[in-house]
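Data first, discussion second: the structure below is written as structure tokens.
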Amino acid sequence: MIDPKTKQVNWPRAAVVYQIYPRSFRDTSNNGIGDLEGIIEKLDYLNDGTEESLGIDAIWLTPVYKSPMVDFGYDVSDYNDIDPVFGDLKVFDKLVEEAHRRNIKIIMDFVPNHTSSQHPWFIESRSSRDNPKRDWYVWRKPKSDGSPPNNWLSVFGGSAWTYNKKTNQFYLHSFAKEQPDLNWHNFEVKDAIKQAMRFWLKKGVDGIRMDAVYWLAKDRKFQDDPPNPNYQEGVTDPYEGLLHTRSRNQQEMFDFLNELGAVIADYPERFMMTEAYPEKRIDVGEYMRFYKNYNNKIAAPFNFEMIYLPWKADAYKRFIDDFQAALRPGDLPIYVLGNHDRSRVASRLGTQQACVAAMMLLSLPGLLFIYYGEELGMKDTAVPQDKVRDPWGKGSPSFNFGREPVRTPMQWNSQKYAGFSEVNPWLPVANDYKEINVESESADSRSILNLYRKLIHFRKSSAAFLKGEYYPLGINNKQIFAFIRGHESEKILVLLNFSKEEQKMTLNFKKAKIVYNTQLDKEFGSEIDMKNLSLRPHEGYILNIS
Ligand code: GLC
């Protein structure tokens with residue numbers, strides 16, 4: 001299936017992507033919900049071609065398709081249309097045009113595993129057992145005692161099966177019951193999904209983020225998932241009570257993904273990135289399985305470990321050294337610190353640590369993602385219980401999984417509603433918005449926003465960062481994560497103090513010039529004495545050692 005003639009897609013090879021959660025970015029229609037016009041309005045903030053703007057290369061939009069919004073767009077009811085809350089196809093075309101005019105690529109989220117239960121396909125499918133679309137979804141008869149066909153669980157809580165009285169069968173939903181799983185063994189389903197992808201690729205979309213790919217291929221015999229021996233009832237998510245060795249992640253998934261990859265490869269310079277959280281942590285082999293099964297010229301998996309690794313220099317060093325060493329030529333690493341499903345990095349680690357993490361991220365090879373607001377140090381924001389509509393939050397209430405806290409409105413300025421909207425937004429604005437916002441941080445030369453800007457622009461100007469290899473560096477200090485990036489004569493040393501103590505050391509490099517430190521209080525280009533190095537608590541350095 002993997003066509004060796006495919007050309008390598010170049011634009012993502014060292015690009016920085018900005019993930020936008022459209023509901024929360026900028027509301028121009030004054031209904032409290034962000035929209036596509038709002039994104040267009042803010043494109044200059046993202047990249048206006050000058051060093052004043054953030055300088056990102058691409059934006060990823062979480063789903064903006066027509067949807068009843070049970071899972072906020074991950075329940076698609078029409079793959080070929082924009083939900084009216086966000087705009088329409090005309091505004092979308094304008095967004096593509098305006099983004100491309102600024103050299104910003106567009107990545108669409110795409111949901112191949114399930115549709116909304118309101119999608120016309122499912123409405124037909126559930127109408128009768130002999131409907132032509134019956135087999136488009138996964139229907140099974142109850143066990144003899146009337147219980148679900150097997151023990152598979154929904155990620156959002158409870159059984160993955162819901163009973164349909166009219167036809168006396170259960171349908172499968174790996175997520176909410178309003179998100180029935182498509183049957184990937186049905187050829188018409190695959191064709192319909194490919195058609196939908198083509199619709200957006202023809203519109204000029206540059207990349208596709210494939211959602212929840214582990215679930216595309218389940219055990220064909222529908223055997224039970226085995227119990228997880230390490231599960232602690234009442235302590236961890238009930239979903240972890242089983243090992244999901246049958247309900248997802250069968251090798252066949254790669255056949256399906258490569259078929260989708262072949263669609264991508266029909267269009268020049270398009271790339272596919274896939275979402276799969278390995279069951280075990282720091283499982284380099286599981287990530288490599290994706291690379292080995294993909295055509296790496298056009299596809300790569302997200303690496304999510306930075307969301308989970310303990311904030312320890314040696315843990316990061318070990319994982320990143322191992323991961324980078326395992327990649328083959330042409331494999332593109334994709335690193336992220338957060339996204340719309342996980343706690344924000346500044347909340348997980350603290351703001352100073354988040355600055356060190358940003359310096360690390362933006363110095364690594366590959367395709368890097370920034371989640372909107374990360375560049376401001378935005379934090380998780382408590383959301384009152386009556387505002388929690390996330391199916392993950394509602395499905396497992398005692399585990400407090402609602403993802404609303406990481407999806408609150410973007411903080412643009414210190415005016416009412418943080419400049420997000422003129423009216424009360426769909427989720428509350430964070431209390432700290434008067435200090436943490438684009439306007440005030442732009443005015444503060446040492447803010448985290450200015451750190452992000454400088455690091456992104458430096459990355460664009462440095463051959464070592466754009467094209468260079470990653471070289472692990474062993475130093476005699478367990479609190480410091482150090483590595484080198486180099487291309488031809490340019491060599492850059494990155495030193496990151498993960499601890500809250502000052503760290504002193506001596507390094508054997510003849511000369512070193514400061515590019516940036518995380519505090520942004522050292523002069524660009526000034527020499528630093530490598531014999532008497534001292535890193536303040538939570539301080540990172542990028543040094544030119546060419
Ligand atoms: C992915 C998305 C998440 C969504 C789920 C179901 O994990 O990132 O937001 O709820 O898939 O589509």
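Restricting the first member to segment 178-204 and to residues that are of a type in the set (Gly, Ala, Ser), and the second to residues that are within 16 Å of the ligand (Cβ to nearest atom), the beta-carbon pairs closer than 7 Å and six or more apart or on different chains are Ala196/Tyr79. Of the residues Tyr79, Tyr45, Tyr74, the single one that is within 22 Å of the chain's Cα centre (by Cα), within 16 Å of the ligand (Cβ to nearest atom), assigned by TED's automatic domain parsing to the domain that holds Phe110 and not in a loop (DSSP other than H, G, I, E, B) is Tyr79. Residues of segment 457-482 that are open to solvent by 20 Å² or more (accessible area, probe 1.4 Å), assigned to a helix (DSSP H, G or I) and of a type in the set (Phe, Trp, Tyr): Phe458 alone.
All of Asp191, Asp237 fail the test of being open to solvent by 10 Å² or more (accessible area, probe 1.4 Å), in the same structural domain as Gln19 (by TED's automatic domain parsing) and within 16 Å of the ligand (Cβ to nearest atom), apart from Asp237.
Every residue, every condition in (1) more than 24 Å from Phe369 (Cβ to Cβ); (2) at pLDDT below 95, yes or no:
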| position | (1), (2) |
| --- | --- |
| Ser159 | yes, no |
| Phe170 | yes, no |
| Ala176 | yes, no |
| Val205 | no, no |
| Asp219 | yes, no |
| Gly234 | yes, yes |
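Candidates are the residues of segment 306-353 that are among the charged types (D, E, K, R) and within 16 Å of the ligand (Cβ to nearest atom); the one that is most open to solvent (accessible area, probe 1.4 Å) is Arg342.
The conditions of being β-branched (Val, Ile, Thr), surrounded by 17 or more Cβ atoms within 10 Å (Cβ to Cβ) and not assigned by TED's automatic domain parsing to the domain that holds Trp311 are not met by Ile436.
Taken together, the residues in segment 439-456 that are open to solvent by less than 30 Å² (accessible area, probe 1.4 Å) and not charged (D, E, K, R) amount to 8. The single condition from (1) open to solvent by 40 Å² or more (accessible area, probe 1.4 Å); (2) modelled with pLDDT of 95 or more; (3) more than 27 Å from the chain's Cα centre (by Cα); (4) of a type outside the set (A, V, I, L, M, F, W, C) that Gly525 fails is (1). Every condition in (1) part of a loop (DSSP other than H, G, I, E, B); (2) in contact (Cβ under 8 Å) with a residue 12 or more places away in the chain; (3) within 21 Å of Glu52 (Cα to Cα); (4) not hydroxyl-bearing (Ser, Thr, Tyr) holds for Glu501 except the one numbered (3). Confirm whether Tyr137 is within 16 Å of the ligand (Cβ to nearest atom) and assigned by TED's automatic domain parsing to the domain that holds Lys165. Judged against the criteria, Tyr137 is a match. Selection of first residues in segment 243-258 that are under 14 Å from Ala160 (Cβ atoms) and of second residues that are part of a helix (DSSP H, G or I) and at pLDDT 95 or above, restricted to Cβ pairs under 8 Å at least 6 apart or on distinct chains, gives the following pairs, ordered by first then second residue: His244/Tyr214; Ser247/Trp215; Arg248/Tyr214; Arg248/Trp215.
The values are calculated or read from the model by the stated rules, or taken from the named source; none is laboratory data. None of the values given here were measured: they were computed from a predicted structure. In this analysis, Cβ positions are derived from the backbone assuming ideal geometry, glycine residues included, and neighbour counts consider all displayed protein chains. When the accessible area is computed, the model is the full protein with side chains, heavy atoms only, and any ligands, DNA or RNA have been set aside. Shrake-Rupley method; radii C 1.70, N 1.55, O 1.52, S 1.80 Å.
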